[in-house]
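S.K.: If you scroll down you'll find the structure; I have some questions about it.
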Amino acid sequence: MKRVRCPKCDNYTTFDETRYQEGQSLFFQCHNCGKEFGIRIGVSKLHNRQKETNPDELDENDHCGTLTVIENVFHYKQVLPLRMGRNVIGRYMKGSGINCPIETNDPSIDMNHCAIEVSRDKRGRLKYVLSDGPSYTGTFVDNEILGDRERRVLEDGSLFTIGATSIILRTQNEKD
């Protein structure tokens with residue numbers, strides 16, 4: 001069984017892909033919102049979603065660590081790579097333009113919830129600084145809410161919470 005996501009409301013529809021040939025077009029009507037949409041079997045214009053990829057496999061090329069989103073009732077485990085500069089974290093929305101989207105149904109996560117600034121300190125080591133978006137529900141580090149202009153330096157293994165979602169920072173292992 002395969003699942004397809006409604007482009008309007010993100011609701012899933014399941015179907016048996018073994019009954020169709022590769023390249024065949026299928027049309028669905030969303031049970032939730034009534035939107036009609038089509039797909040073509042075996043053809044994808046988009047990159048793989050996090051659910052279809054192995055969250056433990058990391059691309060070591062140009063990332064500066066990862067964020068591990070802990071699975072809960074709203075979403076599955078996800079691993080998001082961090083890059084140098086500002087990494088904006090929020091709820092996935094088609095066309096939103098943020099660079100660390102979390103694929104979730106958690107209504108308490110804003111589309112632009114918080115950000116991690118990755119830079120180098122005076123010794124050349126990577127430095128991770130967390131700030132709130134500002135968001136409606138806040139960003140928590142060690143069960144303390146970050147203020148509007150407050151920033152917090154994070155270390156490897158730091159746990160922070162946005163909405164009902166907990167995230168662990170894994171820094172890049174640098175060889176000295």
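S.K.: When the chain is modelled as a GNM with alpha-carbon springs shorter than 10 Å, which of Val88, Val69, Val141 fluctuates the most?
M.R.: Ranking Val88, Val69, Val141 by mean-square fluctuation puts Val141 first.
S.K.: Mind listing the phi-derived Karplus ³J(HN,Hα) values for segment 155-172, rounded to whole Hz, using 6.51, -1.76 and 1.60 with θ = phi - 60°, and x for any glycine or proline?
M.R.: 10, 4, x, 5, 10, 9, 10, 10, x, 9, 10, 9, 10, 10, 8, 10, 7, 6
S.K.: Here's another thing I want to ask about it. List the residues, sorted by chain then number, that are 5 or more residues from Asn99 or on another chain and whose placed amide H is less than 5 Å from its amide H.
M.R.: Close amide H contacts, sequence-distant or interchain: Val88.
S.K.: Can you list the trypsin sites (Lys or Arg not before Pro) in segment 85-148 that are in a DSSP coil and have 13 or fewer other beta carbons within 10 angstrom?
M.R.: Details: sites: Arg86, Arg91, Lys94, Arg120, Lys122, Arg123, Arg125, Lys127; in loops: Lys94, Lys122, Arg123, Arg125.
Passing both the DSSP loop test and the Cβ count: Lys94, Lys122, Arg123, Arg125.
S.K.: Just flag the chymotrypsin sites (Phe, Trp or Tyr not before Pro) in segment 69-176 sitting in loop per DSSP whose Cβ has no more than 11 other Cβ atoms within 10 Å. Don't skip to the answer; put the middle values down first.
M.R.: Details: sites: Phe74, Tyr76, Tyr92, Tyr128, Tyr136, Phe140, Phe160; in loops: Phe74, Tyr76, Tyr92, Tyr136.
For chymotrypsin sites (Phe, Trp or Tyr not before Pro) across segment 69-176 that sit outside H, G, I, E and B with at most 11 neighbouring Cβ atoms in 10 Å, the list reads Tyr136.
S.K.: Taking the Cβ-Cβ separation of Arg149 and Phe28 as r and a Förster radius of 35 Å, what is the calculated FRET efficiency to the nearest 0.05? Write down the numbers at each step before the final one.
M.R.: Details: r = 47 Å, r/R0 = 1.33.
The pair Arg149/Phe28 has a calculated efficiency of 0.15.
S.K.: If you don't mind, there's one more thing I want to ask. Using Cβ counts within 10 Å as a stand-in for footprinting exposure, how do His63, His31, His113 rank, fewest first? Mind dumping the intermediate values first?
M.R.: Numbers: His63 15, His31 11, His113 26.
The fewest-first ordering by Cβ neighbours comes to His31, His63, His113.
S.K.: Still on this structure: Of the candidates Gly157, Gly133, Gly65, which one comes out as most mobile in a Gaussian network treatment of the chain with C-alpha springs shorter than 10 Å?
M.R.: Evaluated over the chain, the most mobile residue of the options is Gly157.
S.K.: Compute a Gaussian network model of the chain, connecting alpha carbons closer than 10 Å, and tell me which residue from Glu117, Glu36, Glu144 fluctuates the most.
M.R.: Ranking Glu117, Glu36, Glu144 by mean-square fluctuation puts Glu36 first.
S.K.: Work through the residues other than Gly90 whose Cβ is under 12 Å from its Cβ and net out their charges, Lys, Arg +1 and Asp, Glu -1.
M.R.: Numbers: positive: Arg91; negative: Glu103, Asp106, Asp110, Asp132.
Spelling it out: positives minus negatives among the neighbours equals -3.
S.K.: Okay, moving on. Quick one: the Cα spread of segment 2-48 along its three principal axes, in angstroms, biggest first?
M.R.: 28, 24, 14
S.K.: Among Tyr20, Tyr12, which comes first, then next, by fewest other beta-carbon atoms within 10 Å? Write down the numbers at each step before the final one.
M.R.: On the way: Tyr20 15, Tyr12 12.
Fewest-to-most ranking of Tyr20, Tyr12: Tyr12, Tyr20.
Throughout, read-outs are computed from the coordinates displayed, never taken from laboratory work. Fair warning: this is a prediction, and the values are worked out from it, not measured in the lab. FYI the Cβ positions are ideal-geometry reconstructions off the backbone, even for glycines, and counts take in every protein chain you see.
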